[in-house]
1. For the chain, give the percent of accessible area contributed by carbon and sulfur heavy atoms, probe 1.4 Å, rounded to a whole number.
2. So how far apart, in nm, are the two label points at residue 614 and residue 28 if each is 7 Å from Cα heading toward Cβ?
3. If R0 is 41 Å, what FRET efficiency do you get for residue 689 and residue 271 from their C-beta distance, rounded to 0.05?
4. At 1.4 Å probe size, with every protein chain present, just tell me what the per residue accessible area of the stretch 1-102 comes to in Å².
5. Among all the lysines, which ones have a C-alpha under 25 Å from residue 69's C-alpha, if same-chain residues fewer than 8 places away are not counted?
6. What translational diffusion coefficient, in µm²/s and rounded to a whole number, does the Stokes-Einstein relation yield for the stretch 371-523 at 10 °C and a viscosity of 1.306 mPa s, taking the hydrodynamic radius as the Kirkwood radius over Cα pairs?
7. Run a plain Debye calculation on the stretch 778-833 (Cα atoms as equal point scatterers, no solvent) and give log10 I(q)/I(0) at q = 0.15, 0.18 Å⁻¹, rounded to two decimals, same order as the q list.
8. In whole Hz, what ³J(HN,Hα) sequence does the stretch 54-66 give by Karplus (6.51, -1.76, 1.60; θ = phi - 60°), x for Gly and Pro?
Amino acid sequence: MHERGARAFKTSFANSASAGCAVSFIVASPWPWGVKIPLAFVVGTLGYALGWGLAKLIVSLIRVIRKPKPGKSLYRLGRLAPEEYANAGGKAVALDKLLRAGQPVPKALVLLPRAFDGEALRPEAAAELTKMLPKLGKDALFAVRSSALAEDSAQASFAGAYESVLNVPAAEVAQAVATVRHSAEDVRVGAYAGARGVADIGEVAVVVQKMVAADYAGVLFTADPLTGNLGVMTGNAVAGLGEALVSGAANAFEFRFSRPKGDYTGPEALAPAAKSLHREAHQAEKELGGLPQDLEWAVVGKKVWLLQGRPITTMVGSDPRTGERNDTLAGNCLWSATNLVEANPEPQTPLTITLADYVMAHGGPSVRVRGRQMSGYIGGRTYNNLSVQLAARGPKVAEQPRAELRKLADLWGAVPDAVPVLTLPLSKADLQAEGLTMLYTLPKLLGARRRLKDWLAGSLAACENLTNAVAAVDKAPELGKLWIERVFPAYRESFWSVIAATAESSPIDAEVRALAGPEDAAILLASVNQLAGGLASLGPAAGLQEVLAGRLSRAEYLRLYGHRGYNEVELAWPRPAEDPSWLDAQLAAAGAAAAPKSSTEDFAAALRRLRAAHPKEAKKIEEKLQKRATAAARREAVRSEAIRWLGVVRAFALRAGELLGIGDGVFYLTAEELPAALAGETSAFAYLELRRQTHQKHLELPPLPGLIAGSFDPFAWAADPNRRADYYIDPSLDTSGTVPEVAATDAVIRGVPGAKGVVAGVVRRLDTIAEADQLQPGEILVTHLTNIGWTPVFPRAAAIVTDIGAALSHAAIVARELGVPAVVGCGNATTRLRTGDRVQVDGAGGTVTLINAA
């Protein structure tokens, strides 16, 4: 049962269940009509959910019963065993996915490489082919095309490199198949592979597809391949077969669609099929992973057929060989580094980058919209995809995206009016489909939330036990088994716990600001210490004082906090507990710092003012603040333990590196390749040095802009002496709807109010945390960003100024708790200020004023 049919069955079943439950309730209920009618709607909704769930179970059982088995030489497409995707080539896999989704694709089959002895079909495969062809179409003609393992991939299309044979009668298909197989030896294939840097083109599978007697045919790009614009589809078409377009034998006409509505612009001849073509192309993009697609299609009357699908190679942001990943190339989106980059301050290794994808693909929470993740990678650094974040908030966002984005400013930072706000072209059907996916994630999320208390209580001991179990394994296959049975399930649970704890947030910020004013609201909203006993992110700094006072042993400090630090999300980053000298350096610096300032008095005063001004509302606000603070404290505690579990994954990776004989090269494997290597599949080892070189190039880049709009080349940007550090706008973008930026004055830098207070002092600009010992007590810390690794440094600073940040970012939260004035999210403070400059920091006003230059 393909997905379109399954969806129709589930909808029909759910509607019947909804109606049945509602009617039964009305008939059986003794209550008056004014009561039971509203309740019937509720019962009907519950019936719909139960009906959908039951129908989903029925579909799953049917698919289990009909699941194709791997190991055959020939498969009908739409029924290809997923285990054979690695052997079938890009063309066959794409067609199989489209057929499974119920999209209009002519019947087809694929002959896998094992079907051949050289160029000739093995006798048993030839017999199976003869038997299968009539099922594709009696007396039909066929198209025979290659499906090489490297063909139609994200890195290379090999368009026109291999031979294709068209209009083949059934009796001549075997000979056509041999012709296609032989074309792998053609000089065109080798030349194309060399030009694209494909070292191994792999074996060639062959697709046999029923021919379509097209009235019109052509290609359609689901995004503009020249500009990256996701809001349009562009295409070319000819009368008759599409091969005339590819060969240049016929003059093509151009056409385009707007997205998501599908408004058509082009010749009238194609207009009758335009609506269907747009709908199927829009759906095909989703089914093929969300990447913009290069589709081949044909139209017979008003009937649309999809013939091939491959990624637009110029809009693919990843190269699995080198480990390079630049998600800005996959279409114009708006990216923000705020908050995510604080937890991930350095370019990451392939193992770290791919771990989240691995979790989502193996039972973890999905955070995708039409195949696009809510975060991505640019130059090895992680960024929030604000375009996806906005799309997930509903269809009305497209009407006023900038206004909606302002509601997220505390979390993802302010977006200057000069920066265009880019949105995804989502239809209502897309949003409904994503909503159902998230709805059925809800039970798992609620289960994780119920387990949070017990999970937190047992996390430390469980981590220690599993780390010891990893160290005791001395054979690679056994370590792989331990990953599957214990390590990965435990880490996945930590992933769910973080999502569950994050979902506990209570959105009361606007309400508190309206009653208390911006300055008092900042104090009230930040005072977790006063309401919930403190934040886990303050633990490492507070613990140092406990060690100095003799109330906490060194060993216990490392046990509690030795997993936290500056680059703690990176698996290759050594944990502080692994360095015997680390604690000595931290204690020495902590002993020289001033005692942290308490914000208790500020909190009490702000609360008194709120009670005096709004006595009726104050009690409810206090209750909400307590609930919010409790959730914030738990969220921080959960994140801290999740980092501890990441340390277990690091211990597993290090042990795997030892047993596989590749040492720290293990961090240049992907999360999919590592378990495979433990099972004996080590072909990815050939790419380790290449990926290490890519990672080193990323490490040599300067900090990237906090905001990026459109396509971005980090290396070209770094080479530009006039580059901006705060934001980057792709020159090809339409900025006519933005407000030109007012030129910054030399004297004033504006950012986001982080923590109140006005202080004047001397700047100490630090480019890395390794320079933290240069900060002298009473100086003003100016740096690109801060995270938990910087927390022990904060008590020495008179004020804190950062390029990256928002009201709910690390620097702002911790500065408020410690009573240190802070201005965050300045964008370019590190490029405009130098060590020795004298400045005045106004935390509440969000300004840094230059008094005297060094």
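The values are calculated or read from the model by the stated rules, or taken from the named source; none is laboratory data. This one's a predicted model, so the numbers in the text were calculated from it and none came from an experiment. Here the Cβ is made from the backbone with ideal geometry for all residues, glycine too, and neighbour counts use every protein chain on show. Each accessible area value is taken on the protein alone, full model and side chains, heavy atoms only, with ligands, DNA and RNA left out. Shrake-Rupley method; radii C 1.70, N 1.55, O 1.52, S 1.80 Å.
1. Whole-percent figure for carbon plus sulfur exposure: 57.
2. 4.6 nm
3. So, using R0 = 41 Å, E works out to roughly 0.15.
4. So the stretch 1-102 comes to 55 Å² accessible per residue, rounded to a whole number.
5. 56, 91, 97, 107, 131, 135, 210, 481
6. Calculated translational D: 82 µm²/s.
7. -0.33, -0.48
8. Result, ordered by residue: 5, 4, 4, 5, 4, 4, 4, 5, 4, 5, 5, 5, 9 Hz.
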